[in-house]
1. Under 7 Å between Cβ atoms, which residue pairs at least 6 apart in sequence (or on different chains) link something in segment 128-145 that is under 10 Å from E182 (Cα atoms) with a partner that is surrounded by fewer than 20 Cβ atoms within 10 Å (Cβ to Cβ) and hydrophobic (A, V, I, L, M, F, W, C)?
2. Does segment 219-260 hold any residues that are over 16 Å from S204 (Cα atoms), open to solvent by 80 Å² or more (accessible area, probe 1.4 Å) and of a type in the set (A, V, I, L, M), and which are they?
3. Scan segment 195-218 for residues that are exposed (fewer than 10 other Cβ atoms within 10 Å of the Cβ) and among the basic types (K, R) and jot them down.
4. For segment 139-156, how many residues meet the condition of being in a loop (DSSP other than H, G, I, E, B) and of a type outside the set (G, A, S)?
5. Condition first: among the β-branched types (V, I, T) and assigned to a strand (DSSP E or B). Now tell me which residues in segment 124-138 satisfy that.
Amino acid sequence: EAFEIDYCRWWMNGIVDVDDVLRNFVSAEHEKRIADFRVLDDRFTELTRSYVRAGLCADLPDQDSVGKSSEWGILRREMQKKTRHMPLRELMSSLPNTVTKLTPCLLMSPLSIAQYLSSDTAIFDLVVFDEASQIPVWDAIGAIARGRQLVMVGDPKQLPPTRNYERAETNSDDEDVEGDLESILDECLGANLPMQNLSWHYRSRHESLIAFSNHRYYGGGLVTFPSPITDDRAVSFHQVKNGVYEKGGARINKPEARALVSDLVARLKDPVFKS
């Protein structure tokens with residue numbers, strides 16, 4: 001152990017001495033810059049939020065000047081009701097301009113869009129899909145039709161939408177009809193729409209969690225960050241004996257699934273994890 005420590009110290013000194021950046025690096029100054037940046041970043045976020053809110057509020061009408069038959073008057077009347085409210089879909093259709101002023105950003109699922117926003121609802125400036133590789137084409141079309149611009153965020157190397165509850169597709173019917181691709185992301189890629197790759201990976205505390213995928217699937221193109229733990233073994237290989245993938249049947253591997261669940265239960269019961 002003493003030899004390893006001395007050897008590492010000798011090697012590190014040799015590397016540091018020949019590198020200007022490492023030789024002039026002072027950890028206290030570096031940590032101070034990080035702390036200052038975080039304070040300024042939080043302050044900038046707070047000011048931006050206040051600026052956007054002030055701009056939106058300045059565009060709202062005065063309550064006393066709202067006409068009864070105007071969109072704002074209809075909304076005010078509905079809010080005063082105790083019973084017999086207007087159906088939400090009808091209300092949203094009656095307030096195309098008011099809704100976008102009160103709530104410029106709407107977070108909705110494709111099903112909610114179909115239920116509450118009629119097809120003639122005021123068009124939104126931008127429609128954004130997240131995890132687009134998990135969204136079937138038919139779920140996305142309705143939302144796309146309600147926007148002027150579209151941003152599709154997703155990774156084509158991730159798993160496609162789940163098809164557990166869909167009927168088995170047959171090749172005998174509609175052979176001449178062109179079928180949909182698995183996800184709306186695949187359709188966009190197939191249509192050769194403009195694409196921008198995001199290469200920075202920041203989610204994993206241990207670099208080994210993404211290292212295999214980075215090498216195998218992304219060709220080493222992801223920018224990852226070294227783990228602060230020198231002995232980074234977050235990923236390890238455990239061979240499952242008698243594991244068989246039922247390719248022609250349920251398409252599952254029961255022995256592997258049991259081993260995975262057993263390992264998870266053991267980790268949850270570990271006193272170190274509970275503390």
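1. Here the result reads V137/L181, each pair linking segment 128-145 to a residue that is surrounded by fewer than 20 Cβ atoms within 10 Å (Cβ to Cβ) and hydrophobic (A, V, I, L, M, F, W, C).
2. If the condition is that a residue be over 16 Å from S204 (Cα atoms), open to solvent by 80 Å² or more (accessible area, probe 1.4 Å) and of a type in the set (A, V, I, L, M), then V244, L260 are the ones that fit.
3. Within segment 195-218, just R203 meets the criteria.
4. To start, the set of residues in segment 139-156 that are in a loop (DSSP other than H, G, I, E, B) comprises 145-146, 153-156.
Narrowing the set further to residues that are of a type outside the set (G, A, S) leaves 146, 153, 155-156.
Result for segment 139-156: 4.
5. V127, V128, listed by residue number.
Yes/no matrix, rows are residues, columns are (1) modelled with pLDDT under 90; (2) in a helix (DSSP H, G or I); (3) within 30 Å of V151 (Cα to Cα):
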position	(1), (2), (3)
N197	yes, no, yes
R205	yes, no, yes
F225	yes, no, yes
T230	yes, no, no
H238	yes, no, no
G243	yes, no, no
E246	yes, no, no
I252	yes, no, no
F273	yes, yes, no
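The values are calculated or read from the model by the stated rules, or taken from the named source; none is laboratory data. For clarity, every value in this text was computed on a predicted model and none was experimentally measured. All Cβ positions, glycine included, derive from the backbone under ideal geometry; neighbour counts span all protein chains shown. Please note that ligands, DNA and RNA were not included when accessible areas were found on the heavy atoms of the full protein model with its side chains. Shrake-Rupley method; radii C 1.70, N 1.55, O 1.52, S 1.80 Å.
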